[in-house]
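See structure below.
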Amino acid sequence: MFDIDDCAAWFASNASKKITDSFNERLLKEGVTRVQWIALFYLGKFGSISQLELGKKMNIKSSTVVRLMDRMEKDGYIVRKKTATDRRVSSIDLTKKGMELREKTLPIGEAFNRDLKKGISEKDLDIFKEVLSKMVKNV
């Protein structure tokens, strides 16, 4: 008989929620959400990219990207510029304030990742990634 407590999806979902909530709590102390931090990370990594590209990298819907960028633009972290080739497309760039926040908060991500992996071997982490990848592929 089915038992939700033995369900891989339930276990993964609960673990994901606890991990993301914990990371978000750390970031909120610096005045940034986890989702904003992810956007800052990718904008710093790839430079000027479109909202569509950012949404794909962040794995979020375009409507969510628009709201996120509205908020980050209002807060002074990003600027949007219409591209010369297609005025419907906006490229996004970090402002100086956005770059400073990114640099200030990257160490929080690094420390969180270290804490999360504490006591887990590289071999176990590789197996974990492989199993999760297979599960995602299965669905």
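Each value in this text was obtained by applying a stated rule to the coordinates, not by laboratory testing. Keep in mind it's a predicted model, so treat the numbers as computed, not measured. Glycine gets a Cβ as well: all are built from the backbone with ideal geometry, and neighbour counts include every protein chain shown.
See the values below:
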| quantity | calculated |
| --- | --- |
| Helix-derived mean residue ellipticity, 222 nm - over the chain, DSSP H n ≥ 4, -39500 (n - 2.57), to 500 | -22500 deg cm²/dmol |
| Cα-Cα pairs of the chain separated by more than 20 Å (percent) | 57 |
| Inverse of mean 1/r across different Cα pairs in segment 31-100, Kirkwood, Å | 11.9 |
| Likely footprinting exposure, D5, D75, fewest C-beta neighbours within 10 Å first | D5, D75 |
| Of F112, F23, F128, the one that fluctuates the most in a GNM where the chain has Cα springs shorter than 10 Å | F128 |
